[in-house]
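Scroll down for the structure; my scribbles are underneath it.
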Amino acid sequence: MSSETYPPEADTRLRAEAAEIISRYPEPRSALLPMLHLVQSEDGFVSPRGIALCADILGLTRAEVSAVATFYTQYKRHPNGDYTVGVCTNALCAVMGGDIIFERVSEHLGIGHDETTADGKITLEQVECNAACDYAPVVMVNWEFFDNQTPTSAIDLVDQITAGEPVRPTRGADTVATFKEISHVLAGFEDGRANEGVGAGEATLLGLRIARENGWRAPQVRDDSRGDGQAQGKTASGGPATTTPGVDLAGATASGTVPVGEVQSSAERKPTTEADVSAETVDKDVKKEAQ
């Protein structure tokens, strides 16, 4: 692992996958972030030889690559465990018990933040936010969600990992892949498990359901730049918005009342496709808004 270069087989394989990653970007150096995940999937951390490989392929200095690798917490600068257990201790999770969960798990494993158990199974992290406040307190294992945790359930979780037993996330994939396997996915290579499990649970969708039941809509973007005292509503694309009957947009602007707009839930937006951003589609949108 301390060698500055990879064995020939690994070097050839990594360079081929790096070329595939680079082909997705207009500028080669834009591929650095996924390439760091790629070398991490090989070594279990961003190793010196991984940095050297990225620098060589992208025509960067090792210092430039290291500057990026040290900025983001998902890139590890020393060997990581097979499973990263991240306990959220940010505000909401903390008051719901996240601090206690971290303390108990830390004591149980005998390691602190960013430390790894002697068997190399678990690296423990104290995380600022797991982006799942509706399920607080939350623990993530290799970035898979384990919601509504307690000190007891979290200790049971790490015991299962230590024993080599498969663990099942609350949402997402059926089981948790290893740190190296997940790093390969983050590098942009599918593992065929994207459609496993539940994506959004009831707590996440509750607000959307309540909004629909009450007929609530997202507010429109307002443009007061006309200079005639009349506010013009705009959609997210910049075109004139369709106002709700009976709502005086200018009056609403003056009074501070936000008018009601169209449904703009990101949960209902279709994924962007080539057709969505083709020149023909853009031309149609421009002509439509010009009218």
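The table below gives the values:
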{"item": "Residue 150 versus residue 206: modelled label distance in nm, points set 7 Å from Cα along the beta carbon direction", "result": "1.9"}
{"item": "In Hz, Karplus ³J(HN,Hα) per residue of the stretch 42-58 (6.51, -1.76, 1.60; θ = phi - 60°; x = Gly, Pro)", "result": "8, 9, x, 5, 7, 7, x, 6, x, 4, 4, 5, 4, 5, 5, 5, 8"}
{"item": "Whole-Hz ³J(HN,Hα) from phi, Karplus 6.51 cos²θ - 1.76 cosθ + 1.60, for the stretch 87-93, glycine and proline x", "result": "9, 6, 10, 6, 2, 5, 4"}
{"item": "Neighbour cut-off at most 15 other Cβ (10 Å), DSSP loop, chymotrypsin sites (Phe, Trp or Tyr not before Pro), the stretch 23-85", "result": "71, 72"}
{"item": "Fully extended contour minus Cα-Cα distance, from residue 23 to residue 107, at 0.36 nm per residue", "result": "25.6 nm"}
{"item": "Backbone N under 16 Å from the residue 74 label point (7 Å along Cα→Cβ), restricted to the stretch 167-186", "result": "173, 177-186"}
{"item": "Residue 163/residue 118 FRET efficiency (R0 22 Å; Cβ-Cβ; nearest 0.05)", "result": "0.90"}
{"item": "Net charge of neighbours whose Cβ lies under 9 Å from the Cβ of residue 5, counting Lys and Arg as +1 and Asp and Glu as -1", "result": "-1"}
{"item": "Residue-span extension gain [residue 196 to residue 56] - 0.36 nm each, minus C-alpha spacing", "result": "46.7 nm"}
{"item": "Distance (nanometres) between label positions extended 7 Å along Cα→Cβ at residue 189 and residue 128", "result": "3.0"}
{"item": "Per-residue ³J(HN,Hα) for the stretch 69-81, Karplus 6.51 cos²θ - 1.76 cosθ + 1.60, θ = phi - 60°, Hz, x for Gly and Pro", "result": "4, 8, 7, 9, 6, 6, 8, 9, 9, 9, x, 9, x"}
{"item": "Of the GluC sites (Glu not before Pro) in the stretch 138-194, those whose Cβ has at most 12 other Cβ within 10 Å and which sit in DSSP loop", "result": "190"}
{"item": "Built amide H within the under 5 Å cut-off of residue 144, gap 5+", "result": "none"}
{"item": "Nonlocal amide H pairs with residue 88, under 5 Å, H built at 1.01 Å", "result": "127, 138, 140"}
{"item": "Rounded if a/c under 1.5, otherwise prolate or oblate - the stretch 127-226, Cα gyration tensor axes", "result": "prolate"}
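Coordinate-derived values only; no laboratory data. Because the structure is a prediction, the values reported are computed rather than measured. Every residue, glycine as well, gets a Cβ built from its backbone with ideal geometry; the counts of neighbours run over all protein chains shown.
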